[in-house]
Amino acid sequence: MKSKTEIQNGIIKAVNAVRENNPMAGSITNTITINFVANAQLAVGGSAAMVYLPDEAEFLAKAGGAFYINVGGILPIYEQTLPLTAQVLHENQIPWVLDPVAIGIGEIRTKFLLQSKEFKPSIIRGNASEIIALAGLWELEGENKSNVRGVDSTDPVAAAKAAAVALAKWTGGAVAVSGETDLVTDGAVIAYSRGGSDLMKKITGSGCSLGGVAAVYAAEADPFTAALTATAIYNFAGRAAAQKAKGPGSFQVQFLDELHNVSAEDVANNPFEIEEV
């Protein structure tokens, strides 16, 4: 198991590599949050491209870098776009992030999330209820029962621990569970990352943009490091932005500024603990 210092050094390397290399992370994301996802990816030093048509997504998937697929705000065309993109990413070994938003609602979403088991996303990011439900859908943790309510979680992060570990072991990548204390695992190690702000619940897209930023880091780092780096920078930026904001509107602006201005060392030093599975 890597030491905490080794993990922190990996985070520093990932933050600096993104800022130096400006990697592309294409996204098929929730139509409600496209702007915020793109701005967050740009703020950390990445390059953003938001698509929804099959041919455009296939082109970006083959272009390298990394990719983010968020199944919120499903459009009819996604029945073609999503499986095609995931297959191309898997075949070309391009890292990609899956965000199973609102899992359990709708035929197109459910069909794709079933298919995505075969295409093994590099990182899965969701709230506790979504992670439990996905592990159940993939039949990795038996009769998992989650309490998904739209895009909200009604399960605590701790309840998703076994599901997150099972998903990470299946994919060979990492899983990030968002909540009051975030959990990130590669199936062998679990990191608990702390910080953030309650104001993150008052803006649309904090979770979606986190997935997009994780994809940016996945272009430059292994899945566990990328997921933990994205989680840590969000926890740092959320806490720092809340100290300057007057409400949700100014918080969102301050949050993007903090993502842009934070040092790699501050991201690495954001509080977290590790344990062996």
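Could you give every pair whose Cβ atoms fall below 7 Å, whose first residue belongs to the range 154-173 and is more than 20 Å from R194 (Cα to Cα), and whose second residue is of a type in the set (A, V, I, L, M) and assigned to a helix (DSSP H, G or I), counting only separations of at least 6 or pairs across chains?
That search, which allows pairs on different chains as well, returns A163/I131; A163/I132; A163/A135; A166/A135; L167/I131; L167/L134; L167/A135.
Report yes if T171 is closer than 14 Å to V277 by Cα and of a type in the set (S, T, N, Q), otherwise no.
On the way: closer than 14 Å to V277 by Cα: no; of a type in the set (S, T, N, Q): yes.
The answer is no for T171.
What number goes with the only condition from (1) farther than 25 Å from M24 by Cα; (2) modelled with pLDDT of 95 or more that V97 does not pass?
(1) is the only condition that V97 fails.
Condition check ((1) hydroxyl-bearing (S, T, Y); (2) on the phi > 0 side of the Ramachandran plot; (3) modelled with pLDDT of 95 or more; (4) surrounded by fewer than 22 Cβ atoms within 10 Å (Cβ to Cβ)) across all residues:
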| position | (1), (2), (3), (4) |
| --- | --- |
| G187 | no, yes, yes, yes |
| D222 | no, no, yes, yes |
| A227 | no, no, yes, no |
| A230 | no, no, yes, no |
| Y234 | yes, no, yes, no |
| A240 | no, no, yes, yes |
| P248 | no, no, yes, yes |
| L259 | no, no, yes, no |
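Mind telling me which of the residues A57, A25 ends up being crowded, with 19+ Cβ neighbours inside 10 Å, of a type outside the set (S, T, Y) and without any contact (Cβ under 8 Å) to a residue 40 or more places away in the chain? I'd like the intermediate steps shown before the answer.
Details: A25 fails: without any contact (Cβ under 8 Å) to a residue 40 or more places away in the chain.
When all the criteria are applied, what remains is A57.
Hey, F112 hits all of (1) over 23 Å from E130 (Cβ atoms); (2) among the aromatic types (F, W, Y); (3) surrounded by 19 or more Cβ atoms within 10 Å (Cβ to Cβ) but one; which does it fall short on?
Checking F112 against (1) over 23 Å from E130 (Cβ atoms); (2) among the aromatic types (F, W, Y); (3) surrounded by 19 or more Cβ atoms within 10 Å (Cβ to Cβ), the one that fails is (1).
Is it the case that the range 38-45 has a residue that's closer than 29 Å to E273 by Cα, of a type outside the set (V, I, T) and in contact with a Lys or Arg (Cβ under 7 Å, 6 or more places away or on another chain)?
Within the range 38-45 (the criterion being closer than 29 Å to E273 by Cα, of a type outside the set (V, I, T) and in contact with a Lys or Arg (Cβ under 7 Å, 6 or more places away or on another chain)), the answer is yes, since at least one residue qualifies.
Any residue at all in the range 202-221 that's under 22 Å from T5 (Cβ atoms) and part of a helix (DSSP H, G or I)?
First, the residues of the range 202-221 that are under 22 Å from T5 (Cβ atoms): 217, 220-221.
Next, only the ones that are part of a helix (DSSP H, G or I) stay: 217.
Checked against the condition, which is being under 22 Å from T5 (Cβ atoms) and part of a helix (DSSP H, G or I), the range 202-221 yields at least one hit.
Pairs, please: C-beta under 6 Å, at least 6 apart or cross-chain, first residue closer than 18 Å to A230 by Cα and in the range 240-263, second among the acidic types (D, E)?
Close Cβ pairs satisfying both conditions: A240/E258; A241/E258.
Taking the condition surrounded by fewer than 22 Cβ atoms within 10 Å (Cβ to Cβ) and out of contact with any Gly (no Cβ under 6 Å at 6 or more places or on another chain), does G212 pass? Before the answer, list the steps.
Numbers: surrounded by fewer than 22 Cβ atoms within 10 Å (Cβ to Cβ): no; out of contact with any Gly (no Cβ under 6 Å at 6 or more places or on another chain): yes.
No; evaluated as a whole, the condition is false for this residue.
Would you mind listing the helices (runs of 4 or more DSSP H) fully within the range 1-100 where at least 2 residues are over 14 Å from the mean Cα position of the chain (by Cα) and within 23 Å of A232 (Cα to Cα)? Talk me through it step by step, then tell me what you get.
Details: elements: 4-21, 34-44, 54-62, 78-91.
Helices (runs of 4 or more DSSP H) meeting the threshold: 4-21, 34-44.
I want to confirm something. Restricting to the range 89-134 and keeping residues that are out of contact with any helix residue (DSSP H, G or I) (no Cβ under 7 Å at 6 or more places or on another chain) and hydroxyl-bearing (S, T, Y), which single residue is nearest to A164 (Cα to Cα)?
Result: S129.
Restricting to the range 223-275, give me the number of residues that are outside any helix (DSSP H, G or I) and in contact with a Gly (Cβ under 8 Å, 6 or more places away or on another chain). It would help to see each step written out before you state the result.
First, pick out the residues of the range 223-275 that are outside any helix (DSSP H, G or I): 243-247, 262-263, 269-275.
Imposing the further condition that a residue be in contact with a Gly (Cβ under 8 Å, 6 or more places away or on another chain) reduces the set to 270-271.
Qualifying residue count, the range 223-275: 2.
Can you tell me which condition A128 does not meet? The list is (1) modelled with pLDDT under 95; (2) touching a strand residue (DSSP E or B) at 6+ places or on another chain (Cβ under 6 Å); (3) of a type in the set (G, A, S), and all the others hold.
The failed condition is (1).
To keep it simple, each residue is scored yes or no on (1) polar (S, T, N, Q); (2) at pLDDT 95 or above; (3) more than 21 Å from V101 (Cβ to Cβ).
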{"position": "M1", "(1), (2), (3)": "no, no, yes"}
{"position": "G10", "(1), (2), (3)": "no, yes, yes"}
{"position": "I28", "(1), (2), (3)": "no, yes, no"}
{"position": "G45", "(1), (2), (3)": "no, yes, yes"}
{"position": "L53", "(1), (2), (3)": "no, yes, no"}
{"position": "F59", "(1), (2), (3)": "no, yes, yes"}
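For the subset of the range 131-156 comprising residues that are touching a strand residue (DSSP E or B) at 6+ places or on another chain (Cβ under 6 Å) and modelled with pLDDT of 95 or more, which member is surrounded by the most Cβ atoms within 10 Å (Cβ to Cβ)?
Quick first cut of the range 131-156, residues touching a strand residue (DSSP E or B) at 6+ places or on another chain (Cβ under 6 Å) only: 131, 133, 153.
Subsequent filtering for residues that are modelled with pLDDT of 95 or more retains 131, 133.
Numbers: I131: 34, A133: 26.
Of everything passing the filter in the range 131-156, I131 is surrounded by the most Cβ atoms within 10 Å (Cβ to Cβ).
The values are calculated or read from the model by the stated rules, or taken from the named source; none is laboratory data. Not measured: the values here are computed from a predicted model. Quick reminder, even Gly has a Cβ in these numbers, built from the backbone with ideal geometry, and neighbours come from all protein chains shown.
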